[in-house]
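The values are calculated or read from the model by the stated rules, or taken from the named source; none is laboratory data. Only a predicted model underlies this, so the values are computations on that prediction, with no experimental measurement involved. Because the Cβ atoms are built from the backbone with ideal geometry, glycine has one as well, and the counts that use them run over all protein chains shown.
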């Protein structure tokens, strides 16, 4: 009886997990199958692999300057990630390490900015970029993202687990604050950095609204903008759109799989 | 003196040379016209063709055609105009006709009036009307969504109807024919998506009315054409002569699969209809059915867009001249875009060209393009106003009530209330 109950519980668990896994994976499967079918077959809802993959890839590469578009996306994502990690981890470190009377007030004000939807900031930000002469530059895409309240919050929370004894010991040994940060803090917080890297890279790679507003020419466009433009034609070629979507997904997939272990560690709390 | 002259001469010569080369550079400096539009296979490709034609006669003008998704073009235009950052805007932008008045009225002075330059008498009047504000005409009319009744000759013949029987129908007669078609062939008369108000818009405009009157005030509760349009759709549903469709692709599937006998929509569907080679020779095109109320016609429109020049553009003069030379005068250009892209422009004189005069074997040798051009000139002018999209949503929300047999007057009241609430 007991065995049966355990079996039933297992079956229910696996059934539920299987269903959830199917729901998460199905769109990907459908995307991959779609890339092998013609647009008409996709509309008809065909769920079997087709023979149009080469045609779709060929069409995508003739319609889109793929190397340029990928270079644009990669440049923005990598630049944004490196700068965000540098600036926001410093801020998170600072918020936790240095005590002052106004610290919490500033910190809370910063967290409040998370509540402001981006659409409300868009026009002032756009005017700012216009005055700085940065419209249609990749710098204009990167700059607003590097002081990220969320990443600062994440680093501050993780820094709470950073043993202050380490810092004190380093101080006794005569390290300056920047040396402590660079040589003690950064290596210890490796997995926090890794997790933040995955999050920030994905956000930057998939970022859509702001690049759309600020980038003006075909030469500066990112892969997300190009796929969106393909998908909104009066008669979109869904096969080509699927090829574009797969290509746009690959880098984030690669980053995630490559850093999965560190990501999970970072999420669980990085300091051992 | 001699020494001084020798010292100065090279400098003066240098200055003169520099000046000359500076002037020379200015004279030969290429002007680049930036254009935003949205469909790589349609308006983007067509604008590239137009640009190539203009560059042939004006080698100093080049084109930078940027394609974004349609909603993205609107979003970028809105942001650029709201922020007042002029260098963030293109020289020419494509705007959907239903939204034209929204931009013209919300951003006065943002778009260049073309009334003095372009001869608008050559265009379909309804296209000119929708881009007119306070007596000034802005924009260059582009593609039209003039409507037609596409019908399957084979199915209708099996039900006992000849092509002559399909001309100049009323909607009541159309429903009557639909019942007989289903009786004799088992096919439904048309595909209908209950969440798409497109057919309502077609029928309403065919009788010269819109959600808004000439002053832009809501015209719903007492709108005879809208009332008749909703009644017509109610009758179609009651007679059950339609195949329900869920979304655009599904609706397209109703006729590409051969499940329905007719399609009532804009001329831009022609390419999709013709994409089924096995149906060649089986299709005909007639004027759409008319309502039985005052002002009813057999011509209407669904969709369409036009080009607008930004007032702040540095290349304004070139941009206007370009649009005028190609879109208002080049008949051959209109043949090319009809042949290559299936685009029906709004310039009435284009009908005289070879592509428009050609008989189409797919439609059994009918001169469909000439017919569409005839109907194009007859599309009633209405004021699309600022809130067409909002009104459309309200109509869509109330369509199920029509299906369930709620009195149409009550439905109209509900739509009017919803629209008034939205636009205040």
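With the structure loaded, tell me whether residue B:56 is more than 7 Å from chain A (Cβ to nearest Cβ), out of contact with any strand residue (DSSP E or B) (no Cβ under 9 Å at 6 or more places or on another chain) and surrounded by fewer than 21 Cβ atoms within 10 Å (Cβ to Cβ) or whether it fails that test.
Values: more than 7 Å from chain A (Cβ to nearest Cβ): yes; out of contact with any strand residue (DSSP E or B) (no Cβ under 9 Å at 6 or more places or on another chain): yes; surrounded by fewer than 21 Cβ atoms within 10 Å (Cβ to Cβ): yes.
Considered against the rule, which asks whether it is more than 7 Å from chain A (Cβ to nearest Cβ), out of contact with any strand residue (DSSP E or B) (no Cβ under 9 Å at 6 or more places or on another chain) and surrounded by fewer than 21 Cβ atoms within 10 Å (Cβ to Cβ), residue B:56 comes out as yes.
Considering (1) touching a residue at least 60 places away in the same chain (Cβ under 8 Å); (2) loosely packed, with under 15 Cβ neighbours inside 10 Å, the lone condition that residue A:176 does not fulfil carries the number (1). Looking across A:213, A:223, one residue alone is crowded, with 21+ Cβ neighbours inside 10 Å, more than 30 Å from residue A:41 (Cα to Cα) and within 14 Å of another protein chain (Cβ to nearest Cβ). It is A:213.
Given the options B:50, B:45, name the one that is at pLDDT below 95, crowded, with 16+ Cβ neighbours inside 10 Å and in contact with a helix residue (DSSP H, G or I) (Cβ under 8 Å, 6 or more places away or on another chain).
Details: B:50 fails: at pLDDT below 95.
Unique residue meeting the criteria: B:45.
Of the numbered criteria (1) more than 14 Å from chain B (Cβ to nearest Cβ); (2) crowded, with 18+ Cβ neighbours inside 10 Å, the one residue A:129 fails is (1). Across the stretch B:59-74, the number of residues qualifying as more than 7 Å from chain A (Cβ to nearest Cβ) and either in a loop (DSSP other than H, G, I, E, B) or buried (at least 17 other Cβ atoms within 10 Å of the Cβ) (or both) comes to 7.
Of all residues being free of Cβ contacts under 8 Å to residues at least 12 places away in the same chain and away from every other protein chain (no Cβ under 14 Å) in the stretch A:41-60, which is surrounded by the most Cβ atoms within 10 Å (Cβ to Cβ)? Just the residue, please. Across the stretch A:41-60, the extreme among qualifying residues is A:58.
Please verify whether residue B:88 is more than 18 Å from residue A:215 (Cβ to Cβ) and crowded, with 22+ Cβ neighbours inside 10 Å, treating the condition exactly as stated. The answer is no for residue B:88. The condition of being in a loop (DSSP other than H, G, I, E, B) and either at positive phi or modelled with pLDDT of 95 or more (or both) holds for only one of A:50, A:45, that being A:45. Please work out which residue is surrounded by the fewest Cβ atoms within 10 Å (Cβ to Cβ), limiting yourself to the stretch B:240-268 and to residues that are facing chain A (nearest Cβ under 10 Å) and under 25 Å from residue B:298 (Cα atoms). Step by step, filter the stretch B:240-268, then rank; the result is B:248.
Number of residues in the stretch B:380-424 that are surrounded by 23 or more Cβ atoms within 10 Å (Cβ to Cβ) and over 20 Å from residue B:230 (Cα atoms) equals 1. Look at (1) assigned to a loop (DSSP other than H, G, I, E, B); (2) touching a strand residue (DSSP E or B) at 6+ places or on another chain (Cβ under 7 Å) and you find that residue B:380 fails only one, number (2).
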